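Remarks on the structure that follows.
Please treat every number below as a calculation from the coordinates, not as lab data. Nothing here was measured: the structure is a model prediction, and the numbers come from that model. Reconstructed Cβ throughout: ideal geometry from the backbone, glycine too, with neighbour counts over all protein chains shown.
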Amino acid sequence: MSCEGMVKFKIHERAYNVKFFLHYLLEIFEIFRTRVISEAYLVMDNVPFRKTALSQNTIRAFNHVPTYLPAYSPFFNPIEKKFSKWKGLVRLANSKSADERLSSIETLTAT
C-alpha cells in the first residue's frame, strides 16, 4: 500500500514465511522498477520473518529502506483499516465456500 493506493495484493492460502516474503518482495521491486520508484521506505509490522537479515539485506540490495512500526501498534498500520473494511464486506457477501470467499476478496481488491 502506498500514498497512491494498493501496490500489490496477493492471496496466499498458507502461513507466510521468509521464502514467500522474499518472493513477494521481488514482485514488489519489479513493480517499483516499472514505475521508476527508487529508494522506497518499506514500512512493515514486526512479524519475525520480515526482520531477518536475509529480508533486510534483500530490501537494501534493491536500494530500498526497511522500516518497522512500533510493536503492538495496529492504529499506525493503514492496511489494518483496509483489512477491517474487507472483512466486513466479505461477511456481507455471505460466502458459502472458501472459493467464494477468495472470489469476494479478489473482487474487493480490484476496486
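What the table below lists for this structure:
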read-out: For Ile59, Ile37, Ile105, order by how many other beta-carbon atoms lie within 10 Å, fewest first; value: Ile37, Ile105, Ile59
read-out: Packing-based exposure ordering (other Cβ within 10 Å, fewest first) of Glu13, Glu39; value: Glu13, Glu39
read-out: Length released on extending from Ala71 to Arg14, taking residue separation times 0.36 nm less the Cα-Cα span; value: 18.1 nm
